[in-house]
Amino acid sequence: MSQKIVIIGAGFAGMYSALASRRLISQNGKDEDIDVVVIAPEPILAVRPRLYEADPATMAAPLEALFNATGVKFVQGLAKAIDTKTKLVEVASTRGKKTQIEYSRLILAAGSHLKMPNVNGLKEHAFNVDQLQSAIVLDKHLHDLAQTPNSPARNTVVVCGGGFTGIELAAELPARLRLILGDEAETRVVVIERNPEIGPGLGPGPRPEIEKTLREYGVELKLGTAVASVDDHGVTTSTGERVEASTVVWTGGMVATELTQQIPGEKDALGRLLVDKNLRGLESPEVFATGDAASAATDDAGHTALMSCQHALMLGRSSGHNAAADLLQLPNRPYSQPVYGTCLDLGPKGAVVTSGWDRQIVFTGSQAKSVKQFINTTLIYPPPANAEEAFTIADPDYQIPTLAPPSTVTVES
């Protein structure tokens, strides 16, 4: 009977896990001996780093042709339960029918989702750009505003959270709102961030550029205050201030898929499974975790992979290769990603590219924007539906191309 590598999730890490597994299996002439199966709701890659942009409905890349060309089998459904003792995954189909899939090795690549704290009215009244469908819902809502009477509340968007996503969305919104509502509308974008500084996780390096650009757009920053409640008509902050708005968008914090809780082993504060250098569960030798589901060391300096596209692309290559190598009784390739950089979109006026974990600015403006556009429209999309090309790109040693300058920086999206 064939052995089976089962991958839960078809995001960046899941897709590259599947391709890297198939690459090694094919290279060793074991196509008939080991199956690679991906479980996901749909055979698409949601281009999640772009969901702050307009027209999110266009940001889903089909995977069916790629999977067919590379010999990856696809099971449409939602993984509901994992039993590591019996090595079974329970899958619910789109019609609710439940089946069980046995695995020889499991790769958990089910990603992460937005953390929704217990804020009064938040779940009922706030939008988000966390997943493809939620971004589409927000986009439709913004366009529907044009059919409602002009008012300050209609023209106001409150972005809750001044982290990476909140900044990119806030920088995008002024031009986006003018396009929808017309230049005559007095649009207003307000960012509420509980920390005293914008971009608290980004550090001081890019902060002056972020603040300068947001000021030029007229974006208001309300720092050092939290969201106390959300309703149909706006937001009340922890200081008692009221902001009337027809649109409130939550961008705060991420947590790993709940499926990590079904895998024996320690989890980090974000719910990610702690893994060894080969991305194997510390207490679950037949389970690998990758992407946003994995708490993995990127280097020997104490850095841990972030919930980012940058890390997911490489984590997927490593987990897929190592799961296949395990079954083929070949040496593993330890995951390592010591080079780190950030590319933050700042709307029509540009972007900011930084290098290193201390995020030292490399360049800004149009140069940085060209890097961001390359990432968003080319680099993070699936490889061609051609086995040879796809397998080349899925090699854990594949060097991800970058734009110069800087020639040595791989950037986060």
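Taking 0.36 nm per residue of separation and subtracting the Cα-Cα distance, full extension of the segment from K30 to T239 would add 68.9 nm. Think of it as helices only: each DSSP H run of n ≥ 4 in the chain is worth -39500 (n - 2.57), and spread over all residues that comes to -8000 deg cm²/dmol at 222 nm.
Per residue, the accessible area of the stretch 1-128 comes to 46 Å² when a 1.4 Å probe rolls over the protein heavy atoms. Length, then width, then depth: along the principal axes, the Cα atoms of the chain run 67, 49, 37 Å. Sorting W250, W357 by accessible area puts them as W357, W250; the probe is 1.4 Å, largest comes first, and only protein heavy atoms count.
Each residue of the stretch 111-118 was assigned a 3J(HN,Hα) from its phi angle through the Karplus expression (A = 6.51, B = -1.76, C = 1.60, θ = phi - 60°), giving x, 9, 8, 5, 7, 10, x, 7 Hz with x at Gly and Pro. The lysines within cross-link reach of K85, meaning a Cα-to-Cα straight distance under 18 Å and a gap of 8 or more places when in the same chain, are K4. Extending 7 Å from Cα along the Cβ direction at R178 and again at L223 yields two label points whose distance is 2.5 nm.
Here the dipole of the chain is about 320 debye; that uses its Cα centre as origin and unit charges on the Cβ of Lys and Arg (positive) and Asp and Glu (negative). Largest first, the three principal axis extents of the alpha carbons in the stretch 206-324 are 54, 32, 23 Å in whole numbers. Modelled label positions at E90 and E216, each set 7 Å beyond Cα in the direction of Cβ, lie 5.5 nm from each other.
Give the relative contact order (percent, whole number) for the chain; include only Cα pairs under 8 Å separated by 6+ residues.
Computed over the chain, the figure is 19 percent.
Defining a contact as two alpha carbons under 8 Å apart and six or more residues distant in sequence, what relative contact order in percent does the stretch 96-249 show? It comes to 28 percent, rounded to a whole number. In terms of distances greater than 24 angstrom between alpha carbons, the cross-link table entries K222/K267; K73/K115; K30/K87 yield K222/K267; K73/K115. Across q = 0.14, 0.27, 0.29 Å⁻¹, the stretch 314-370 modelled as identical point scatterers on its alpha-carbon atoms has Debye log10 I(q)/I(0) values of -0.56, -0.96, -1.03, in the order of the q list. For the stretch 29-131, the equivalent ellipsoid built from the Cα gyration tensor has semi-axes of 30, 20, 12 Å, listed from largest to smallest. In order along the stretch 48-59, the Karplus-derived 3J(HN,Hα) couplings, from 6.51 cos²θ - 1.76 cosθ + 1.60 at θ = phi - 60°, round to 4, x, 9, 6, 6, 7, 6, 6, x, 4, 8, 9 Hz, and Gly and Pro are given as x. Amide H to amide H, with H built 1.01 Å from N, S112 comes under 5 Å of T257, counting only residues 5 or more places away or on other chains. Beta-bridge orientation, the chain: approximately 50 percent antiparallel, per DSSP, counting only bridges with both partners inside. Modelled spin-label separation between E186 and A57, with each label point placed 7 Å from Cα along the Cα-to-Cβ direction: 3.3 nm. For R272, the amide hydrogen comes within under 5 Å of the amide hydrogens of A256, counting only partners 5 or more places away or on other chains and with H modelled in the peptide plane. A cut-off under 14 angstrom between Cβ atoms defines the neighbours of Q131, and their net charge, with Lys, Arg +1 and Asp, Glu -1, is -1. Here the accessible area of the stretch 132-250 is 51 percent carbon and sulfur, with a 1.4 angstrom probe and all protein chains present.
Placing R0 at 51 angstrom, the Cβ-Cβ distance between E124 and T392 gives a FRET efficiency of 0.60 after rounding to 0.05. A probe of 1.4 angstrom, applied to the heavy atoms of all protein chains, finds I361 with accessible area near 80 square angstrom. Karplus-derived 3J(HN,Hα) values for the stretch 350-357, using 6.51 cos²θ - 1.76 cosθ + 1.60 with θ = phi - 60°, are x, 7, 9, 10, 10, 10, x, 5 Hz; glycine and proline are entered as x.
This model, with +1 at the C-beta of Lys and Arg and -1 at the C-beta of Asp and Glu, gives the stretch 132-250 a dipole about its Cα centre of some 120 debye.
Per residue, the solvent-accessible area of the stretch 132-250 (1.4 Å probe, heavy atoms of protein chains only, all protein chains present) comes to 43 Å². Under Stokes-Einstein, with the Kirkwood radius over Cα pairs as Rh, the value for the stretch 1-41 at 20 °C and 1.002 mPa s is 207 µm²/s. Each pair of Cα atoms in the stretch 132-250 enters the Kirkwood radius, and Stokes-Einstein at 25 °C and 0.890 mPa s then converts it into a translational diffusion coefficient of 169 µm²/s.
Under the criterion of Cα pairs below 8 Å and six or more residues apart, the relative contact order for the stretch 283-399 equals 17 percent.
The values are calculated or read from the model by the stated rules, or taken from the named source; none is laboratory data. This structure is a prediction, so every number in the text was calculated from the model and none was measured. Glycine also receives a Cβ, built like all others from the backbone with ideal geometry; neighbour counts cover every protein chain displayed. Areas reflect the complete protein model, heavy atoms only, side chains present, ligands, DNA and RNA absent. Shrake-Rupley method; radii C 1.70, N 1.55, O 1.52, S 1.80 Å.
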